Structures are given as structure tokens and as C-alpha cells.
Amino acid sequence: MTGVHCFTSFTYTYLPRARVLAQTLRQVHPDWTIWALIVDDLPDGVAAEEAHAGFDRVVFARDLGIPSFDSWIFRHDLVEACTAVKGPMLVEMLRQGCDTVVYLDPDIAVFSSLDGVLAQLDDGAILLTPHQTDPNDTQSAIADNELGSLRHGAYNLGFIAVRNGPEGRRFAGWWADMLRQACYDDPAKGLFTDQKWCDLVPAFFDGVRIERDPGCNVASWNLSRRRIEIGRDGGIRVNGSPLKFYHFTKVNADGDAMTERYADGNVHVHEIWHWYKRAIAAQGMPGIPEGWWAYGRFDNGLAASKAMRVPFRDDLGLATAFPQPLRTGAGSYFDWLLREKPELVRQTATGFIVMGMHRSGTSALAGWFGGRGVCADDRFIQASQDNADGYWEHEELVTLNDLLLSSAGTDWRTVDAVSGQDIQRAGAVFANRAAAFLTGLSRGRPLWFLKDPRLCRTLPFWQSHLDALPARVCYLHVLRDPWSVARSLARRDGLSAAHSHLLWALHNLEAEAHTRGRRRVWLHFDTMITGGDPVVLSLIWQHLPEGVAPAAEGLAGPTIRPDLVRAAGPAGDAAEAPFDIGRLYHLLGALSQNDGQASLLADLDRMRTDITAQILTYRSLLLNHERDELRARATAMAIQAQERLELWRQTDEQLRIVTEQRDRVLRLLQEQRGR
């Protein structure tokens, strides 16, 4: 096949970038043949004809003839996989007779002709571009760039060109063999995907040409030594040379930071950068799920992280034992991970346990997850007039918690000193049911949540079951001031302020004790409500599993409602608090910034001891009060019974008199008839 053939390697998540590459390349070189090497499978519901528009040829990585492809691809993360197939693809294109083969990364845009660049292959076989063509002279730039080149390779393999000749084919065969064996991001072992191998190319092969034109492969790593200018005619020049192609690596916060650092106030760089962002946004294709990669998840939906892939590639016996590593079930590689390396599985899924006293905003936080599709289609208890937006409490969880509390001789309204051991003993008969519920809830989900304020008291029963799940568990404590909670409980349940304050202390102190030393986050109700989505995301972001981002850009969902905030503080009921509730609130609130501080935890333990004594005293007072009420009720009932008995006696006497009068009248009537 005569002419120049250019290919790029990508997954469908990168399709917008690949389309910009194809579009810009077509404008400059309409005679080139553009190939798409897709390291993916087409998502359901996406039309291939539409997805592949703009490319002359489409090849799937699975069709390159790589032996044991399923186990081979599993050894790589996404970037490693997309670079590992470049060598085999180059071999195939040369085998098919392509005269000249160019590879360009999908995040490149072409701005002017590459004919002069490819002219070096007239008497050469392989053409490379270095990351840098001029040395830096500041420590920060050297640390970012020269040291980066030493770690990642002298040449950037976002571009390579090969002429179809003996030396070009020899290079392609060698490169493909190396990439099939070890195309990994592992600098400690001297590897960085496909790039580090090419440091050896000038020593191993003849006809190697190095393109040092500053207009080629412009990127953040060489901006420190390249001056970009946009002329009045719209032409873009780099150190006086026309811009050939720009490598827009890391179009994210990292890329923005590097561009800002080395653009050095050059507005032309920012114009190009923002043009590219608009260009890829315009090429977006509906129907491709965010973060899609067909080889990125097990068939149960959990992400196959790099950490889970490393044991598989390090032990060839695993590849033999598990030829379909993305499958799950008995005897699978996933089953092996659960048994041998469960900590790796837990890193791919997170369960958030929403904790807090009743009427503290736990429903708002749980609804934030539920409204974004987390635990979609699960059975939650129905909303009510008291909580029109929904409680977001699983029916089975609430049922089991009520059974646990009842079996322990208490309920959520009762102020008592039931211990964690009491809860665990009471729950023994429910263990299998609870395990089945949690297994069904978490199976195949990278993200899930549980919410029920009763968990503050029943958590000692649940923790062993939660620890057994293949997920990281993070406890989200919502802390609302006790005065607002008491006012809300007075309206809804008719509880006194003193009773509500003790319930508030009991729930929060037990939740703190049961989760101490575990992964947890404290959220102030007012901060969560007024700060909304950004506050929630900032607090939970580090605990999310890889590749999961609820409420990311463009993801619809309800926001936390600022209208829920009410004035906090001890109104007229402050005197009813049986302890220094304000100090306890302050100590618990300090956990959001100083969780784990020994002095703070010691203060909480002292208050817990004091309040337990208060609870016992309060409980004793309640029992005496209940006993007095029972006695008074019994006395009242006895009086009522005596009054009823007297009434019945009087009624009976009246009935006797009436009966006697009736009988006398009947006798008189009979006597008159006899005369």
C-alpha cells in the first residue's frame, strides 16, 4: 500500500481526542490513510459506524493475533495496554505493505505539514522525536524535565515513523517482542511502557533519525525551552519554526498546572490549550459510559486495579491457571484474590456507612448518594410527612436493627446503658440474615452506602460482617447541634429536651467509640448543608475507589439543600440538659480537624464515663417515675373500679325496685280480672 499510513491507539473513553487528531491530520494531509487501533470493545448501544467515523481503517487489538489475548491484556493497565499493542500493530501494517507508517498519540493535534519531517526517512529507517532538544538551566525545570526523561525515556513515543524496509521491519519485530513481554509503567525496574525500550534503538539499529525541529512534539515537558507565537495570519511558530504537532498530554488539573508553570505568561500557549479543550468537548459522543474500558472491570462490575493485575503478570502460573481473569465466581482469579490478597480487592470498592443521631441530616447525606444512582433499585423505607425527601434507609437494615434493639431489651428512643456486648449477644440469631443482606448489597458494586441512625447503637453487631466484605468501609458521621435535634424530636416524637439531649449524647458517643481507629470522616451539619456538593466531595474524595467519582462534572443529582439550616443554639430548653452538652458538642466537632488526637479522645472518654453515670441516674429516675405512674394508675383504676361497682350496685337496686313495682302492678291486674 503506497503512501503514508498513520495509526493511533486508544480506548473509547479517548475517542474525542482521537477524533480531533484525525480531523486535524485530515486537514493537513488529506492523502494519508488514517487507522484506528482500538484497545477496547464497543459499549452496548453505541453504533460502530458513528463511533468510527473519520477513520479509514479500524483494527481491534484483540484481532492482532497476540497469543492468549485475554490473560495478556489483563497484565496491563489502560495506558500500558494502549502502548503495548503499538509494536504488534506496526508489524501488521508493514506486513500488509504500507510504505511508511506513522504513529501519533490520540491526544495530539496536527497544525502543519509533516512532509519535511518524513523526508528524513528518504535515507533512513526509523524516525524519533526526543522529549527535549535543549537543556534546562533551573533546578525546578531539570527536576521536571531532564530527570523525567531519565525515568521515562529520552524519546517521546507519542510519535514514531518507520519506513517499510529491512531495518524498519527488523526494528518493528524487535519492538513488538519487547512490548509483548514487558510494557509496564515500572521505573524501578527500568521500564516505562513502550518508551524506555526505544532508548536502545540508536545503538541497535541503523538508519535511525532524530527529529530536533522545535515545532514537533511540543508539550508541557519542553515548553520551558520553546517559545510559541501566534502570528497575525494565524500561523503558529515555535522558536521561529512552524508548529507541526502539539502533544496535549494530561488534559486535567496536572496538565493545567504544568502548562501554567512553563508557559511563563505566554497567552498564546493558553489559547492553544483552551482551543484543544473546546475541540475535544465538541467531539464527545453520547452513549459511551464515563471511564469505559471493556478490559477494566471484572464481570461482577468491580474495577480491576493495577495492584490486582501485578500479581497476575509477575506469576506466569496464574496466567495458566486463569486464562479468563476478568471472570468471577468459584475457581476464578477474583476468587484467588479474595482468598490470597483480599486487601487488593477492598481497594476497588467502598462502602460508606452514614452515621448520626436521628434528625441530624443523615437522610440528606444518604440522599446525596442515592440521588446519584448509588444503590439504585434497592428497597428503601418509604418517605413520610416528616421526611418528604426520603429516609434512604434499607428496609432490611431497619428491620434487623429494630430486632437487634428489641432483643437487647431496648429501642432507639430509650435512654439506657445497653453495651456493645449486649447487642452482639442479641444479634447472634440474626447473623446469617445480616451477612446475606450485606453480601447482596455490595456484590459487584464499586460504591454503596448504608444509613440508619440506629447503627450508632447496633454497630458492634455489624462490624464483623462489614469487615468481611471485599470493600473498604468508611464511616461518615454527621454531627448536628443537640438543641436543633431536640427541637425536631419534640415536634415529631414529643420527647422532652432532657431526654433528647441524652439520646443525642448516647448515639454520638457510641458511634465515636465503635468507629475509633477506623476509616471515618466527621461532617458538621451546617457546613455540609451550606457548603453543598463541593464540601461533601472534598471530604469523601480520598476514600472513593479507583475510577469512581459520584457527582463528577456533568453527573446529575440532587444537591444538599441550604434551606435545611436552622438557627442553632440553646434556646429556652438549655437548662433541661442534665450535663454540659455544649462541651460535648464542641469535643465531637473538634474531631473533624483533630481526629486521633490523644488529649481530645481522652476528654471524650471522660465525658462518656460521666454521661454514662448520668444515663444510669436518669434511667433510675425514669424507672421510679414509671413506678409512681404505675401506682397512681393502679390507684386510679381501683377507684374507678370501686365507683363502677357502686354504680352497678345502685343500678341493681333501682332495677330491683322497678321489678317489684312491676310485679305488684301485675298482681293487682290479675285480681281485678278475677272479680
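The values are calculated or read from the model by the stated rules, or taken from the named source; none is laboratory data. On a predicted model such as this, the values are computed, not experimentally measured, just so you know. Backbone-built Cβ (ideal geometry, glycine too); neighbour counts: all protein chains shown.
Observations on the structure shown:
- Flag for residue 462 being modelled with pLDDT of 95 or more, in the same structural domain as residue 362 (by TED's automatic domain parsing) and either more than 25 Å from residue 406 (Cβ to Cβ) or crowded, with 20+ Cβ neighbours inside 10 Å (or both): yes
- In the stretch 503-524, the residues that are in contact (Cβ under 8 Å) with a residue 12 or more places away in the chain form Cβ pairs under 6 Å with partners that are hydroxyl-bearing (Ser, Thr, Tyr), at six or more places apart or across chains, as follows: 515/475; 520/475; 522/592.
- Test: residue 149 is within 30 Å of residue 89 (Cα to Cα), among the polar types (S, T, N, Q) and either modelled with pLDDT of 95 or more or out of contact with any helix residue (DSSP H, G or I) (no Cβ under 6 Å at 6 or more places or on another chain) (or both): yes
- Screening 31, 56 for residues that are surrounded by fewer than 17 Cβ atoms within 10 Å (Cβ to Cβ) and either over 20 Å from residue 284 (Cα atoms) or in contact with a Cys (Cβ under 9 Å, 6 or more places away or on another chain) (or both) leaves exactly one candidate, 31.
- Whichever residue in the stretch 405-448 is outside any helix (DSSP H, G or I) and of a type in the set (Lys, Arg) and, among such residues, is surrounded by the fewest Cβ atoms within 10 Å (Cβ to Cβ): 413
- 1 or more residues buried (at least 22 other Cβ atoms within 10 Å of the Cβ) and without any contact (Cβ under 8 Å) to a residue 12 or more places away in the chain: qualifying strands (runs of 3 or more DSSP E) within the stretch 101-190: none
- Sole exception among (1) modelled with pLDDT under 90; (2) touching a Ser or Thr at 6+ places or on another chain (Cβ under 7 Å); (3) closer than 25 Å to residue 419 by Cβ for residue 471, by number: (3)
- Residues (without any contact (Cβ under 8 Å) to a residue 24 or more places away in the chain and assigned to a loop (DSSP other than H, G, I, E, B)) located in the stretch 377-391: 377, 379, 381, 382, 383, 385, 388
- Filtered residues of the stretch 172-189 (kept if over 35 Å from the mean Cα position of the chain (by Cα) and among the small types (Gly, Ala, Ser)): 172, 173, 176
- In the set (1) buried (at least 16 other Cβ atoms within 10 Å of the Cβ); (2) at pLDDT 90 or above, the condition left unmet by residue 349 is number (2).
- Residue among 82, 98 that alone is outside any strand (DSSP E or B), at pLDDT 95 or above, more than 30 Å from residue 322 (Cα to Cα) and not basic (Lys, Arg): 98
- Scanning the stretch 352-398 for residues that are small (Gly, Ala, Ser) and either surrounded by fewer than 16 Cβ atoms within 10 Å (Cβ to Cβ) or outside the structural domain of residue 440 (by TED's automatic domain parsing) (or both) turns up 373, 376, 383, 384, 388.
- Any hit, the stretch 324-347, residues being over 21 Å from residue 463 (Cα atoms), charged (D, E, K, R) and touching a Ser or Thr at 6+ places or on another chain (Cβ under 6 Å): no
- Filtered by the rule that a residue be without any contact (Cβ under 8 Å) to a residue 40 or more places away in the chain, part of a helix (DSSP H, G or I) and under 26 Å from residue 541 (Cβ atoms), the stretch 322-376 gives 337, 343, 344.
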